[in-house]
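A short reminder: the numbers here are calculations on the coordinates, not readings from a lab. Just so we're clear, the structure is a prediction, and the values are computed from it rather than from any experiment. A quick note on method: Cβ atoms are made from the backbone with ideal geometry, for glycine too, and the neighbour counts reach across all protein chains shown.
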Amino acid sequence: MYNNLSKFIREHYNQESGFIPLHSPVFNGNEKKYVIDAIDSTFVSSVGAYVDKFEDEICNYTGSNHAVAIVNGTNALHLSLLLAGVGEGDEVITQPLSFVATANAISYCKAIPHFVDVDKETLGLSPSLLKNYLKQIAKIKEGVCYNKITGNKISACVPMHTFGLPMYIDEIVNICNHYNISVVEDAAESLGSFYKNKHTGTFGLLGVFSFNGNKIVTSGGGGVIITNDKEIAKKAKYLSTQAKVPHKWEYSHDFIGFNYRMPNINAALLCAQIECLEFFVQKKRGLSDSYHHFFKDYEGVILIREIDESRSNYWLNTLLIKDQNERDVFLNSLNKFNIMTRPVWNLINTLNMYEKCPKSDLSNSIWLEKRLVNIPSSVC
């Protein structure tokens, strides 16, 4: 299989030799034109026409009412949690199968990540397991959800659309609404993904996207908060600009704010990238179809595909390998061919700074961690 797969990937990328990365950016649109225009305008920092244009474009694409451009996805998630009311000592439910930034953003609020298991088919937070778990550990007192075991308030839930695959997010939101738990969607990897004709990130109180260099569209760094709540959006913009009280010339600040606003020069790059987004999505979906056709004749290897009523951007194509030993053979073989493949992240709850955090039974996540592999997914 490995020789055939190496040949297939090299033919797809029209690259007979050399290193093939997991995911690389594509700049073949108006990127240089818009960046030069931003430079010529002299507005290269957090105020400029491209920031406003980008926020409008994100709203138009996702169907969200408001967007606030942020310097990166982790900062966007941190600020979103604060806007959702997460405070010191609160617990925030999230999944262990995620990039560490998800838990780090919770920790920035001096809150406690509380890990609940994922579904095997979506790789995202499991609504059925969440529902059963909250029945065991949660109680409502005066409209506030508390953990009966720790006594801590459970103030928010951060499900993550893993590798761009939409999860059963509507069910998760309904469960959390029952317990008065705010939902902040970590949609960092899923720009271009839809579930039941709604874009990911638009189901919860707030949603967050990332535009890091390895994402489907990029500004080198960058993130955005989306929400349908006008007051939350207004407060997000205020807090992300050092809590500056709006005034034409005075510098007055009445709260501890953050230097989290996206620079105009990054937004210029993103405006050009957004113009190519649907093209990127269709190319990546075509690649996933090609991988699906390739692997259907190989036992012990399954390509993870989108669930019903969803459209995935297939940011990173992901394989489920028979067992950990076969996974390691797969990783060694393809990387020896100079084709980058990687395992899934180490489960966050196993990292030393999070190993004492509360958690449910995590059998699915543990099982998946030993078997998942990402394969090259760049647009070409």
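Annotation: lysines with alpha-carbon distance below 23 angstrom to K33 (same-chain offsets under eight excluded): K53, K215.
Listed by chain and number, the aspartates and glutamates whose alpha-carbon sits under 19 Å from that of K196, ignoring those within fewer than 8 places in the same chain, are D119, E121, D170, E171, E185, D186, E278, E306, D308, E309. Considering only I70, I226, I140, the mean-square fluctuation computed in a Gaussian network model of the chain, springs between alpha carbons under 10 angstrom, is largest for I140. Highest mobility in the GNM of the chain, judged by mean-square fluctuation with C-alpha springs under 10 Å and restricted to H161, H253, H292, is found for H253. For R305, neighbours were defined as the other residues whose beta-carbon sits under 11 Å from its Cβ, and their charges (Lys and Arg +1, Asp and Glu -1) total -3. With helices as the sole contributors, the chain gives -11000 deg cm²/dmol at 222 nm; each DSSP H run of n ≥ 4 counts as -39500 (n - 2.57), and the sum is divided by every residue.
List the aspartates and glutamates whose Cα sits under 12 Å from the Cα of K356, skipping any in the same chain fewer than 8 residues away. Straight-line reach from K356, under 12 Å: no aspartates and glutamates qualify. A Gaussian network model of the chain, with springs between Cα atoms under 10 Å, assigns the largest mean-square fluctuation among N28, N152, N174 to N28.
Structure shown: which of K110/K370; K135/K359; K139/K235; K110/K153 lie over 19 Å apart, alpha-carbon to alpha-carbon?
Correct reply: K110/K370; K139/K235.
Here the alpha carbons of the range 31-276 define both size measures, Rg and Dmax, at 18.1, 59 Å. Summary of packing: across the peptides 297-309, 347-359, the per-residue average of other C-beta atoms within 10 Å ranks them, highest first, as 347-359, 297-309. Counting only DSSP beta bridges whose two residues both lie in the chain, roughly 65 percent are antiparallel.
Going by how many other beta carbons lie within 10 Å of each one, how would you line up C157, C271, C276, fewest first?
Details: C157 29, C271 24, C276 19.
Neighbour counts put them in this order, fewest first: C276, C271, C157.
Once you list every other residue whose beta carbon is under 14 Å from the beta carbon of V245, what net charge do they have if Lys and Arg are +1 and Asp and Glu are -1? So the surrounding residues net to +3.
Quote the relative contact order of the range 237-380 in percent (integer), defining contacts as alpha-carbon pairs under 8 Å separated by 6+ residues. Normalised by residue count, the contact order of the range 237-380 is 21 percent. Within the range 92-193, antiparallel bridges make up roughly 40 percent of the DSSP beta bridges whose residues both belong there.
Model label sites at D328 and D297, defined 7 Å from Cα along the beta-carbon direction, differ in position by 3.0 nm. Using C-alpha pairs below 8 Å separated by at least 6 residues, the relative contact order for the chain is 25 percent.
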